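Everything on this sheet refers to the single structure shown next.
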Amino acid sequence: MKKTQRVFSASSSVPLGLCVKLLLLLLGLSTASAQTKPTKPGSHSTRVRPSMSAESKDLLEDAIGVVCTQAKLDPKSSIAIDEMQARPSLPVTSPDARAGAERAQRLLPVAKSLVISSLRQLTTEYGFQKSPKFTVKLRIAIARVSEVRRVRPDMEARDNASVYLSRPHVITFGTIFLAGLRSDEGMISVLAHELMHVADGDNDSLRPLVAAVGNKASDLIGLDIHGQRSEEITCDLIGAMAVRAYILSTQDYESIARRLARSVQHNCVELDEGDEDHLSPRNTIRAILALNPGLVRELINDRF
Ligand SMILES: [Zn+2]
């Protein structure tokens, strides 16, 4: 699939905002045709398909309950993205947007470093550290993340955050989104999501890892998570991993469960719709927790 097509449809039809990875190709730079490697979803495979026991599924649903209950109890919870969407646009100069922009800019350096360590961890978990070819791509991806310098608040972007790959050192952040993420954890999660898009770059250079994450999520929760959906879920997973590492390094009086919940809480929507490129928000939480059972344990064990 050509990314250019995906961009133009996504920018007008993403039902729940959040993130659009925009690829603005320079004149004469046609990477799209180079990306159309055929995949064979039905090809013979000897990989063992992971699955979840009934007990694990129950625990996962309980953990989602903790996340979305905390959304109502926690004064710093992230606003659900369907609620953000319903809000009027917010000027860049409004106090909440300014506070959000300052929070995002302040946390950008820590988010970059957390994304780099989470990406290395994920690479090892999925066995790609043994591949010299992937190791080179990872090094270049990390260099791209290191180059991100700035968060740009944008009233028109409303409840979206975007990276224009023609300007990969800037994360564009809608002011409604900036104001709706009311904690450091919520903000780091979304910054890390965008930084993972930057890491993947305009050539999908981390595609083998992203595809492996998508395949595993598909097997675990029984939904179609391929193509762009696998990239989005990998970005969300890196976001949750980054927040978990942040919490472990900055423990305070708040419960770990409450803080962890903020990493995925913006997905606690009433109107649960997805599209071709994104799982629905509640299925996004489901996929992230299925991929990272440690989060389920921590959400459940530390809920009080
Ligand atoms: Zn995204």
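Rule-based calculations on the coordinates, nothing more; no lab input. Here the structure is a predicted model, which means the values were calculated and not measured. Note that each Cβ is placed from the backbone with ideal geometry, even for glycine, and that neighbours are counted across all protein chains shown.
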Please label the shape of the stretch 145-285 as rounded, prolate or oblate, based on the square roots a ≥ b ≥ c of the eigenvalues of the alpha-carbon gyration tensor (a/c under 1.5 means rounded; beyond that, a/b larger than b/c means prolate, else oblate).
-> rounded
Using the alpha-carbon centroid of each, what span in Å lies between the stretch 78-102 and the stretch 273-294?
-> 23
If r is the Cβ-Cβ distance from residue 69 to residue 102 and R0 is 30 Å, what FRET efficiency results, to the nearest 0.05?
-> 0.55
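Quick one: of 57/216; 57/112; 137/216; 57/130, which pairs are farther than 25 Å apart, Cα to Cα? Present the calculation step by step, with values, prior to reporting the outcome.
On the way: 57/216 15 Å; 57/112 32 Å; 137/216 22 Å; 57/130 32 Å.
Violating the 25 Å limit, Cα to Cα: 57/112; 57/130.
State the extension gain, in nm to one decimal, for the chain segment bounded by residue 224 and residue 302, taking 0.36 nm per residue of separation less the distance between their alpha-carbons. Mind dumping the intermediate values first?
Values: separation 78, 0.36 × 78 = 28.08 nm, distance 3.15 nm.
Full extension of this stretch gives 24.9 nm more.
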If amide H atoms are modeled at 1.01 Å from N in the peptide plane, then the residues at a separation of 5 or more from residue 152, or on another chain, having amide H under 5 Å from its own are 171, 172, 173
Taking every C-alpha to C-alpha distance in the stretch 185-242 and binning by 5 Å from 0, the per-bin percentages run 4, 22, 29, 23, 15, 7
Taking 0.36 nm per residue of separation and subtracting the Cα-Cα distance, what length does fully extending residue 61 through residue 272 add?
-> 74.4 nm
1/(1 + (r/R0)^6) with r = Cβ-Cβ of residue 156 and residue 49, R0 = 45 Å, i.e. FRET efficiency to nearest 0.05, evaluates to 0.55
